[in-house]
Amino acid sequence: MQEKCLTDSADIDAVVTGEGEITMVEMMSRLAGGKSLEGVDGIAYRDESGIKKNPSRPLITDVDSIPFPARELLGDAMDYVPPPATYKRRPVAVIMTSRGCNRRCIFCFQIDKERKYGVRFRSVENVMQEIELCLAQGYKEIKFIDDTLTADYNRAMEIAEEIKKRKLDFTWFTSACVHQVDKPLLQAFREAGCWAILFGAESGVQRNLNTIKKGITIDQIRNAVKIAKEVGLTVQTPFLFGLPGQTYEDGLKTVEFACELNPDIASFHAVTPFPGTELYDNLDEYGTMSDDLSDFTYQGAAFVPHTMTRDEVTRLRQIAFKKFYSRPGYIFRKILALRSINDVKAVIKGARSMFWLWIKNDVFHRSTS
């Protein structure tokens, strides 16, 4: 959407696309020297003659060559407060130990659309150096935001073992695919300071999972959540409504599946057809799309499959949150698990949200005002 950004806003002079580390430096150097942006790969820009689009820049294959973020420029790290229930200790740093994903979910907006590069891994030593730098800067927790930290099982195990071997004192959170983990790996994560893990469950209906090319099974989801809970990890599972071919009844089955799994945190979103995804490129086959970009937030129903209505997608989200978080057993377990002021804040915020979910029937419907 590079040209659209420039066309829609006269205030934008250039758009960097793809990975920006090399492109941004090259672009800034050109501008500082009063030179044209012609020939800077990876940008679209505006000059006297109009909008121009330069060739794409190849992705960075040696990801160890990328410098660590200059977090010291952020000021006081304690000023950055994550939402309640998403962290154990503050301040929190964010680290990406790999780039890319070799799986093909139809809603995924990977830069490497053809998966030509696969997953590009940083070396374990390079990751350890950044972790140790963060700890030296005062960070107490790290959120690993790889698409899946466990894409390479042995490397994931080595990272956990190295953290434990070096006696690094920090808590951490990560994401993983359900078919890439087992009990020894998750146990190693727990012993290395991991406190929470996210598994992209997406649906409780196998047919829906197959349609979105998730590449996992219902039983694999059950097993991953089960063993993660057994080793003492907090488990988060996001689910999606409005999947291609999904019916309202499928959505209700997904709500039941979420309650059966009983993770510590479940989120229920609307699938979003971001430009460049297979879902976006095949809209006529799958459903219809909103032309209001403010719907593209996982909250608004930006996409509606042929098998559902927009009202049903938003209604399913409200039903799901109400049913999952109103279970007496879940509430009782959360109260028993209170250990810190952060836990108390999370429960209070959740109780406030539940109040409005029960009082208002249209809490997820977009206002037209």
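Where a number appears in this text, it was derived from the coordinates with a stated rule and is not lab data. From a predicted model like this one, the values you see are computed outputs, not experimental measurements. Glycine also receives a Cβ, built like all others from the backbone with ideal geometry; neighbour counts cover every protein chain displayed.
All other residues with a Cβ under 12 Å from the Cβ of VAL92 taken together, and with Lys, Arg as +1 and Asp, Glu as -1, what is their net charge? Provide the component values of the computation, followed by the final result.
Working: positive: ARG71, LYS88, ARG89, ARG90, LYS140, LYS143; negative: ASP79, GLU141.
Taking every Cβ under 12 Å from that of VAL92, the sum is +4.
For an R0 of 41 angstrom, estimate the FRET efficiency from the Cβ-Cβ distance between GLU191 and ASN361 and round to the nearest 0.05.
Efficiency at R0 = 41 Å is approximately 0.35.
Can you compute the modelled spin-label distance between ARG352 and LYS113, with each label point 7 Å from Cα toward Cβ, in nm?
Result for the modelled spin labels: 4.2 nm.
According to a simple spin-label model (label point 7 Å from Cα along Cα-to-Cβ), what is the distance in nm between GLU132 and ILE331?
5.0
Can you give me the relative contact order of the stretch 142-229 as a percent, contacts being Cα pairs under 8 Å and 6 or more apart?
31
Can you give the Rg/Rh ratio of the stretch 64-144, where Rg is from the C-alpha atoms and Rh is the Kirkwood radius?
1.04
Between LEU74 and ILE341, what is the FRET efficiency for a Förster distance of 22 Å, r being their Cβ-Cβ separation, to the nearest 0.05?
Working: r = 24 Å, r/R0 = 1.09.
In this case the efficiency is close to 0.35.
For Cα pairs less than 8 Å apart in space and 6+ apart in sequence, what is the mean separation divided by the residue count of the chain, i.e. the relative contact order in percent?
Across the chain, relative contact order equals 12 percent.
Just tell me which aspartates and glutamates come within less than 20 Å, Cα to Cα, of LYS226; anything on the same chain fewer than 8 places away is out.
Answer for LYS226, where 20 Å is the Cα cut-off: ASP182, GLU191, GLU202, GLU256, GLU260, ASP264, listed by chain and number.
Work out from phi, with θ = phi - 60° and the Karplus expression 6.51 cos²θ - 1.76 cosθ + 1.60, the ³J(HN,Hα) of each residue of the stretch 282-288, listed in order in whole Hz, and give x for Gly and Pro.
Ordered by residue, 3J(HN,Hα) equals 10, 4, 4, 6, 9, x, 10 Hz.
In nm², what is the average projected area of the convex hull enclosing the Cα atoms of the chain? Walk me through the numbers on the way to the answer.
Numbers: hull surface 81.9 nm².
In nm², the orientation-averaged hull projection of the chain is 20.5.
Have a look at the DSSP beta bridges in the chain and tell me what percent are antiparallel, nearest 5.
Expressed as a percentage, antiparallel bridges in the chain total about 35.
Stretch ILE51-ARG207 to full length: gain in nm at 0.36 nm per residue minus the Cα-Cα span?
51.7 nm
Write out the chymotrypsin sites (Phe, Trp or Tyr not before Pro) in the stretch 64-137 meeting two conditions: DSSP loop, and at most 15 other Cβ atoms within 10 Å of their Cβ.
Sites meeting the loop and neighbour criteria: TYR80, PHE109.
Which of rounded, prolate, oblate describes the stretch 2-53, given a ≥ b ≥ c as roots of the alpha-carbon gyration tensor eigenvalues and a/c under 1.5 marking rounded, otherwise prolate only if a/b is larger than b/c?
Values: a/c = 1.96, a/b = 1.29, b/c = 1.52.
It is oblate, given that a/c is not under 1.5 and a/b is not larger than b/c.
Stretch SER36-ASP219 to full length: gain in nm at 0.36 nm per residue minus the Cα-Cα span?
Details: separation 183, 0.36 × 183 = 65.88 nm, distance 5.62 nm.
Extending this stretch completely gives an extra 60.3 nm.
Given an 8 Å cut-off on Cα distances and at least 6 residues of separation, report the relative contact order of the stretch 254-359 as a percent. The partial results should precede the final answer.
Details: 85 pairs, mean separation 26.3, N = 106.
Result for the stretch 254-359 is 25 percent.
Apply 1/(1 + (r/R0)^6) to the Cβ-Cβ distance of THR7 and GLU285, taking R0 = 25 Å, and write down the FRET efficiency to the nearest 0.05.
Efficiency computed from Cβ-Cβ geometry: 0.35.
Report the gain in length on full extension from ASN154 to ILE60: 0.36 nm times residue separation, minus Cα-Cα distance, nm rounded to one decimal.
31.6 nm
Given LYS213/LYS323; LYS88/LYS164; LYS113/LYS140; LYS143/LYS322; LYS323/LYS345, which pairs have Cα atoms separated by over 24 Å?
Exceeds cut-off: LYS213/LYS323; LYS113/LYS140; LYS143/LYS322.
Which order do peptides 135-143, 352-360 fall in by mean Cβ count within 10 Å, highest first?
135-143, 352-360
Return the long-range amide H neighbours of THR97 (sequence gap of 5 or more, or a different chain), with a cut-off of under 5 Å between placed amide H atoms.
Counting only residues 5 or more places away or on other chains, the set is ILE145, ASP146.
Give the order of PHE321, PHE199, PHE274 when sorted by the count of other beta carbons within 10 angstrom, beginning with the fewest.
Listing PHE321, PHE199, PHE274 from fewest to most nearby Cβ atoms yields PHE274, PHE321, PHE199.
Quick check on the chain: helices-only [θ] at 222 nm, where DSSP H runs of length 4 and up contribute -39,500 (n - 2.57) each and the sum goes over total residues. Nearest 500, please. Numbers along the way, then the final one.
Working: 13 runs with 139 residues, N = 369.
It lands at -11500 deg cm²/dmol.
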